[in-house]
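Structure first, then comments.
The values are calculated or read from the model by the stated rules, or taken from the named source; none is laboratory data. This is a predicted model, so every value here is computed, not measured. Using ideal geometry, Cβ is built from the backbone for each residue, glycine included, and neighbour counts are taken over all protein chains shown.
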Amino acid sequence: MSEMSTEHTRPTDPVGRVLYQVSKWLAIFGGVVLSAMAILTSVSVFGRSVLQQPVPGDFELVAIGTGISVFAFLPWCQIVRGNVLVDFFMSTAPVRARIFGDVVGGILYLAIAALLTWRMIFGGLDMYYYNELSMTINFPRWTTFPISIAMLGFLTIVIAYTIGRSIAEMRAGRYLDKPDTPA
């Protein structure tokens, strides 16, 4: 988190390798969804300006797709130390201090991710029980919650893993993915 390597090294332990692969595929999925939202926006703008017929509910669909994309990108950012960059403050600090910052930041991030996951469950249930629909296309809003909750839950697991990785690095006195970096 405090130092992002230019080369993403894969974790060597079995759990880390699985989390890395799933995170990578989620990020690719998020990129595909975000690209589809860009195409949808372009088609809608073209339709509005040339044909006087935009895609109905385009802004609702873009909001839904963007939200799903963000949740899909977060685990990848976390596992490759790209989420919380504090290089401005920690670039001259010793490696142990940077790793300690990673642990503290990870614990805070874990608490926030767990809280969001927990509360989104209840938000999704409320939208389901009250049959909340989007304004323009009457899309059932609760349907996006299960995938978002699953991705937030996965993010929570990735954060817990990276905290453990940072603690192991602190004990070893170096970044595990940069063996030549002494304490």
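Kindly establish whether W76 is outside any loop (DSSP other than H, G, I, E, B) and in contact (Cβ under 8 Å) with a residue 40 or more places away in the chain.
yes
Given the criteria modelled with pLDDT under 80 and surrounded by fewer than 19 Cβ atoms within 10 Å (Cβ to Cβ), does R10 qualify?
Taking the combined requirement at face value, the residue satisfies it.
Please work out which one of (1) buried (at least 20 other Cβ atoms within 10 Å of the Cβ); (2) assigned to a loop (DSSP other than H, G, I, E, B) is the condition D102 fails and give its number.
(2)
Within region 122-173, how many residues are under 30 Å from P94 (Cα atoms), of a type outside the set (S, T, Y), assigned to a helix (DSSP H, G or I) and in contact (Cβ under 8 Å) with a residue 40 or more places away in the chain?
10
Looking at A113, A63, which one is among the small types (G, A, S), surrounded by 12 or more Cβ atoms within 10 Å (Cβ to Cβ), touching a residue at least 12 places away in the same chain (Cβ under 8 Å) and in a helix (DSSP H, G or I)?
Every option except A113 fails the conditions.
For region 100-142, enumerate the residues that are touching a Ser or Thr at 6+ places or on another chain (Cβ under 7 Å) and within 30 Å of R171 (Cα to Cα).
Matches in region 100-142: G101, D102, V103, G106, L110, A113, A114.
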